[in-house]
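First up is the structure itself, then whatever we jot down about it.
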Amino acid sequence: MKKSIINTVILILLLTNCTMTNKQSSSQNLDKFGGCKDKHFELENNGFFRTTFHNGQWWLVTPENNAFLSFGLNHFHSDLWRKDYNKTHWEDEFGGEVYSLEWEEGFYNLAQDIVKATGANTMAYHNEERILLERKPLLPYIKQYLPLKISFHMRATAEDYVDVFAPEFKQICDKAAQEQVAPFVNDTMIIGFAMTDIPVLTEGWAKFVTRYGFDIPTWARVLRNLPASSPGKQHYVRTMKDQYVSIKEFNVVYGTDFSSWIELKEVENWRPLTDFENNNEVTDNNRFNKLCIKKYYETASASFRAVDKNHLFLGDKLNANVDITDLEIMVDAAKDYVDVILYQFFGKDDYQKEFQNIIATVSNLPMINGDGGFG
């Protein structure tokens, strides 16, 4: 394993002294948060989960200053237990109609049983489930902070990619932080707050989703088509002016006939789609996308920190199942604003290593695979 992974990755270590051979040894070796007492850090105790870099290794640390190896379960969504094909089964199992008190208690107890059976110590990303979170948390968990709903799974549209350079975006972030973060600032069971799930942020990612028949834009594609009065459009034109000697050179690349940069700024909806075969356009868009992602993170993280200085800020769950160039763009844009790089990756060990090394090299931050599988 390359040094960069050894120095950076949180999750793929075996805490030998905390291997649970039976319930007695697990209770002796683990603190109430699931941290390993045999790997204790002499840190100033702030009472919340955090990270520390010790002897060349990043560690996730519990509020009791013990090393924490997060093994989490995803996707406890109650609506999955009420589909046409299984609704009757679970009503019988839980002893009541869907979302009755009996049904909800049955769902909660089932979640507890699965947690115990798997030995999980974390309720990971994708568990924003009212039935689980409106009572004492089952386990340490990741909570969501969603200024924007631009998840790939939500099939985000141009309207969802708001102008991150506009003052209104700060208002959106402030409101989300007050509503979604502020009520939980003293919850010691929260590992950290994460934003949206694998948002489409780069041209390579946008091109990939077209294979599935989805047309999901990027910020570059959206903001370049806005009116001249929008800050995002103004930033786009300035970025292009820095890239091209003249509007004529820009016209050659884009097959346009603008007479000046002013005309480009004033025209709306001039290029709603990206020509993915035009490498110059893809490069231009990603150069601007990176500026947008940085502004997105800068504003969202500032609003988060204004109300919560206790918890880790994890940013978006970035999609690592993309081209290396796209991954580098996203990680480099996020790294100055997050405590941990949260990512999603499905793949075999050697392939995981390649991408983990990229994340480590670009960010020099700890990382968590927030959604993945083994195979």
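The values are calculated or read from the model by the stated rules, or taken from the named source; none is laboratory data. This structure is a prediction, so every number in the text was calculated from the model and none was measured. Please note: Cβ atoms are built from the backbone with ideal geometry, for glycine as well, and neighbour counts cover all protein chains shown. Areas reflect the complete protein model, heavy atoms only, side chains present, ligands, DNA and RNA absent. Shrake-Rupley method; radii C 1.70, N 1.55, O 1.52, S 1.80 Å.
Of the residues making up the range 188-221, those that are open to solvent by less than 20 Å² (accessible area, probe 1.4 Å), outside any loop (DSSP other than H, G, I, E, B) and hydrophobic (A, V, I, L, M, F, W, C) are I190, I191, F193, A194, M195, W205, A206, V209, W219, A220. Candidates A300, A306: the one that is part of a helix (DSSP H, G or I), crowded, with 18+ Cβ neighbours inside 10 Å, out of contact with any strand residue (DSSP E or B) (no Cβ under 6 Å at 6 or more places or on another chain) and touching a residue at least 12 places away in the same chain (Cβ under 8 Å) is A300. Pairing each residue of the range 105-124 that is more than 24 Å from N369 (Cβ to Cβ) with any residue that is part of a helix (DSSP H, G or I) and β-branched (V, I, T), provided the two are 6+ apart or on different chains, yields C-beta distances under 7 Å for F107/I131; Y108/I131. Here is the figure for the range 240-293: residues that are surrounded by fewer than 16 Cβ atoms within 10 Å (Cβ to Cβ) and among the β-branched types (V, I, T) total 5. Note on the range 173-184: residues that are surrounded by fewer than 19 Cβ atoms within 10 Å (Cβ to Cβ), among the hydrophobic types (A, V, I, L, M, F, W, C) and either free of Cβ contacts under 8 Å to residues at least 24 places away in the same chain or out of contact with any Lys or Arg (no Cβ under 8 Å at 6 or more places or on another chain) (or both) total 1. Of all residues in the range 311-323, none are out of contact with any strand residue (DSSP E or B) (no Cβ under 9 Å at 6 or more places or on another chain) and under 26 Å from K233 (Cα atoms). So, in the range 218-268, of the ones that are among the aromatic types (F, W, Y) and under 18 Å from C292 (Cβ atoms), which residue ends up farthest from the chain's Cα centre (by Cα)? By that ranking, first place goes to Y236.
Step by step: first the residues of the range 143-164, then only those that are touching a residue at least 60 places away in the same chain (Cβ under 8 Å) and farther than 20 Å from D308 by Cβ, then the one that is most open to solvent (accessible area, probe 1.4 Å). Which residue is that? Top of the filtered list is R155. Restricting K353, K317 to those that are among the basic types (K, R) and open to solvent by 50 Å² or more (accessible area, probe 1.4 Å) reduces the list to K353.
Annotation: E281 fulfils all but one of (1) assigned to a helix (DSSP H, G or I); (2) farther than 16 Å from A206 by Cβ; the unmet one is (2). Kindly indicate whether any position in the range 322-339 is touching a residue at least 60 places away in the same chain (Cβ under 8 Å), surrounded by fewer than 23 Cβ atoms within 10 Å (Cβ to Cβ), under 12 Å from the mean Cα position of the chain (by Cα) and not in a loop (DSSP other than H, G, I, E, B). Taking every residue of the range 322-339 in turn, none turns out to be touching a residue at least 60 places away in the same chain (Cβ under 8 Å), surrounded by fewer than 23 Cβ atoms within 10 Å (Cβ to Cβ), under 12 Å from the mean Cα position of the chain (by Cα) and not in a loop (DSSP other than H, G, I, E, B).
Kindly indicate whether G119 is closer than 23 Å to S78 by Cα and modelled with pLDDT of 95 or more. Judged against the criteria, G119 is not a match.
Taking only the range 226-239 into account, find how many residues are open to solvent by less than 70 Å² (accessible area, probe 1.4 Å) and part of a helix (DSSP H, G or I). Of the residues in that region, 8 qualify.
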